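Report on the following structure.
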Amino acid sequence: MDKRVYNFSAGPSVLPEEVLIEASKEMLNYKGCGMSVMEMSHRSKEFMGINSQAEQLLRELMDIPDNYKVLFLQGGASTQFAMVPLNLFTNSKKADFIDSGAWSAKAIKEAKKYGTANVLASSKESTYSYIPKVAPENFSKDADYFHITTNNTIYGTRFTPDNIPDTGDVPLVADMSSNILSEVYDVSKFGLIYAGAQKNMGPAGVTVVIIREDLMGHAMDIAPTMLDYKIHADSDSLYNTPPCFSIYVCSLVFKWLKDKGGVAAMEKINREKAHILYDFLDNSTMFRGTVAAEDRSLMNIPFVTGNDELDAAFIKEATTKGFVNLKGHRSVGGMRASIYNAMPVEGVKALVALMGEFETKHR
Ligand SMILES: *Cc1c(COP(=O)(O)O)cnc(C)c1O
């Protein structure tokens, strides 16, 4: 390839070209300080500026209320599966879960090490092809928290912002790794939101945590210092060396998103992109989507032909034409197009055109 491809990877995933250009311009000499961001002290004035700018931009983009802290941590979303119970199991040591995918299942497995993980409902028996609905009277009144995965990266389902569980006084915790900043969620409805950066924010290495202040400072005695939210909050995420370069690239992505009009403007584009692909799938006689229509993700769109050989032929042809990483997760098969914020509308239009040609040729 002598040019950039259309990259449909589920993560790490496509970044805005403007951001990559800016990062490359500043690579050798960040704003006249004579070194790259990778080489500077995390206590330097330059890096402290990057760190607070990243936080400020994220606060603006998500309209994060003042009584929430924003943390830049390490260990990926997978570390949050343990960090959440270690900090939030304060009374009943019980949490409610909706098992809507493999990542939810991992969060459940981890929470069980520290208390009770009460699974209210699961769609596992149908390869997680829908979001299970649970009546509020079945929620545990005494749960320390209620956990959902807002977007199921592997299966392509999501809790729409107007359909998240109303958990009352029980803090709602969300793994937003694959759809943070893709559409407008009301942060005040959540006690804690976490997301690995490498899907929709930046390079791997940093995990964003947005936590309501009253949920900090009650970590279990066994919680390692590094897994105590309060420790990180008290030092503005600079308790130890942070993933400096990842945070820097995230700040460029946040700036890019703000220049595009913010999350509401991006949501409009994401809806358009998803509509183009779903509309094609709904009308195709060869390709079809795999999940319940009302739960469809805007970010990850799995689809199949129903014939393994045709799937493989399509993936092969797409790859040679510069549409890469379309192979579906092994548990679903077929294809998956991840169309995060940085995937332009043209990329989705070109993909649909390719699918149309393929369909005509193989009819
Ligand atoms: C990718 C992903 C994870 C795992 O993230 P890591 O940063 O690799 O730990 C967890 N949850 C969801 C929803 C994901 O998409």
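The values are calculated or read from the model by the stated rules, or taken from the named source; none is laboratory data. Since this is a predicted model, take the numbers as computed values, not measurements. Here the Cβ is made from the backbone with ideal geometry for all residues, glycine too, and neighbour counts use every protein chain on show. Only protein heavy atoms, including side chains, enter the accessible area calculation; ligands, DNA and RNA are left aside. Shrake-Rupley method; radii C 1.70, N 1.55, O 1.52, S 1.80 Å.
Observations, loosely collected:
- Qualifying residue in the stretch 131-141 (condition: among the acidic types (Asp, Glu) and closer than 20 Å to His218 by Cβ): no
- Condition broken by Asn270, with the remaining ones in (1) more than 19 Å from Leu71 (Cα to Cα); (2) touching a strand residue (DSSP E or B) at 6+ places or on another chain (Cβ under 8 Å) satisfied: (2)
- Options Ser92, Ser24, Ser52, Ser36: the member that is out of contact with any strand residue (DSSP E or B) (no Cβ under 6 Å at 6 or more places or on another chain), modelled with pLDDT of 95 or more and within 30 Å of Ser122 (Cβ to Cβ): Ser92
- Condition check for Gly101 on (1) touching a Leu at 6+ places or on another chain (Cβ under 7 Å); (2) open to solvent by less than 30 Å² (accessible area, probe 1.4 Å); (3) of a type outside the set (S, T, N, Q): one failure, at (1).
- Top-ranked residue of the stretch 187-201 - restricted to ones that are without any contact (Cβ under 8 Å) to a residue 40 or more places away in the chain and of a type outside the set (Phe, Trp, Tyr), ranked as nearest to the ligand (Cβ to nearest atom): Ile193
- Of the residues making up the stretch 227-243, those that are open to solvent by less than 80 Å² (accessible area, probe 1.4 Å) and either modelled with pLDDT under 95 or not polar (S, T, N, Q) (or both) are Leu227, Asp228, Tyr229, Lys230, Ile231, His232, Ala233, Leu238, Pro242, Pro243.
- Boolean, Ser41 is hydroxyl-bearing (Ser, Thr, Tyr) and not in a loop (DSSP other than H, G, I, E, B): no
- Evaluating Lys106 against the criteria (1) touching a Phe, Trp or Tyr at 6+ places or on another chain (Cβ under 8 Å); (2) open to solvent by less than 50 Å² (accessible area, probe 1.4 Å); (3) within 16 Å of the ligand (Cβ to nearest atom) leaves one unmet condition, (2).
- Residue in the stretch 38-60 that is within 16 Å of the ligand (Cβ to nearest atom) and under 18 Å from the mean Cα position of the chain (by Cα) present: no
- Residues of the stretch 321-352 that turn out to be farther than 22 Å from Leu310 by Cα and open to solvent by 10 Å² or more (accessible area, probe 1.4 Å), as a count: 5
- Residue match in the stretch 63-76 (condition: of a type in the set (Phe, Trp, Tyr), touching a residue at least 24 places away in the same chain (Cβ under 8 Å) and either open to solvent by 40 Å² or more (accessible area, probe 1.4 Å) or touching a Lys or Arg at 6+ places or on another chain (Cβ under 8 Å) (or both)): yes
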